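What follows is a short report on a single structure.
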Amino acid sequence: MIRFAKPELLHLLWLVIPLLFLIWLENRWRQRAMAQWANESLWNTALPTRAPFNILVKRLFSLAALALMILAVAGPQVGTRLINVTREGADIAIALDCSQSMQAEDFTPNRMQKARFEIGRLLGKLRGDRVAFVPFAGVAFVQVPLTLDYSAVMSMMNAFEPGVIPMPGTAIAEAVKQARRAFKAESKAQKILLLITDGEDHESGVIEQAKEAAREGIIIITIGMASPAGAPIPEKDRQGRIVGYKQERGGGTVISRLNEDLLIKIAQATGGEYYRATPSGDEFHRVYERITGMDKEKFEQKQFTDYEDRFQWPLMAAFLLIIIEEWIPMHKRRRTV
């Protein structure tokens, strides 16, 4: 298996295309200049040492050497074997509210972006804990099953904006139900459901689902991502500009507020904890401390290891091409009679 230590440097290989075009232009310019100077049948007689092919080869060798040096700088590495790595961690399902109310701006820049930022900081601290992602609005589903690939979790999470899930509303009960399915029944690790929402629930049955989760050994930690005072829900156009605020049927502006009582009851039903979100995000650090103190499970994961640097090979090839390019003469040797 081959990978690069600095894959972003591979974009420099695009420079080869315009440089190749310049080599072609130079070769064509030389031919036109010779054609203007004399008839083609006289070229070899007038300039017996002329070697246009040598010049073209020298240019191409230099360009190939440059491409190989870029590959060397990018740091090619080879995974020499596939081994079993023993890890230890908890199982965590992150259920994130993706309803329209998460656009409210009582957090900067809004509830959704604040939640994603803090989740990213939390994932940066985890070591060996498997994580699943469950987005929800009017419906819920397991978008990313339990995995150690935190970058995949964040990549998928960043793809979700309020309104992406077509069914409006906030079905917290369905979120808990789907999160339960994300856990593996045979796992001995502590199962943790991190429920991040403003608490506006448009359906019933969430406490019953929480009790079912408790019977399965799942602890629910809830984070209220809203303020008690609340904030209006902005409506945006396709360019992301605010064009107004959500209105009630009677004509007043809808104010989305934190439903703290419900989130406390959900957490208490499973022996978990409730945290109110703060601008500093300290509550996510307390969640991390709670997770680190829970039971862990040892499990094996296959992965490539012992990646060895192989930049020497393209670098050696580049130097070899440079030596050959220097050795190729610009002109033919004069024949002595």
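The values are calculated or read from the model by the stated rules, or taken from the named source; none is laboratory data. In this text, all values refer to a predicted model and were calculated from it rather than measured experimentally. Neighbour counts are summed over all protein chains in view; Cβ atoms, including those assigned to glycine, are modelled from backbone coordinates with ideal geometry.
Structure values in brief
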read-out	value
Residue, farthest from VAL176 (Cα to Cα), within the stretch 217-265, restricted to residues that are among the small types (Gly, Ala, Ser), touching a residue at least 24 places away in the same chain (Cβ under 8 Å) and in a strand (DSSP E or B)	ALA231
Only listed residue being within 30 Å of the chain's Cα centre (by Cα) and among the charged types (D, E, K, R), chosen from ARG241, ARG257	ARG241
Residues located in the stretch 113-143, provided they are of a type outside the set (Lys, Arg), in a strand (DSSP E or B) and under 24 Å from GLU289 (Cβ atoms)	VAL131, ALA132, PHE133, VAL134
Test result for ARG249, under 32 Å from the mean Cα position of the chain (by Cα) and at pLDDT below 95	no
Residues within the stretch 122-136 that are in contact with a Phe, Trp or Tyr (Cβ under 7 Å, 6 or more places away or on another chain), over 12 Å from ILE92 (Cα atoms) and crowded, with 18+ Cβ neighbours inside 10 Å, tallied	1
Single condition VAL153 does not satisfy, out of (1) assigned to a loop (DSSP other than H, G, I, E, B); (2) out of contact with any Cys (no Cβ under 9 Å at 6 or more places or on another chain)	(1)
Selection count where residues are within 25 Å of SER187 (Cα to Cα), buried (at least 20 other Cβ atoms within 10 Å of the Cβ) and not small (Gly, Ala, Ser), scope the stretch 84-121	5
Residue count, the stretch 192-216 (criterion: on the phi < 0 side of the Ramachandran plot, in contact (Cβ under 8 Å) with a residue 40 or more places away in the chain and over 25 Å from the mean Cα position of the chain (by Cα))	10
Spans of helices (runs of 4 or more DSSP H) in the stretch 1-103 with at least 2 residues more than 30 Å from ALA277 (Cβ to Cβ), at pLDDT 75 or above and not hydrophobic (A, V, I, L, M, F, W, C)	16-37, 52-73
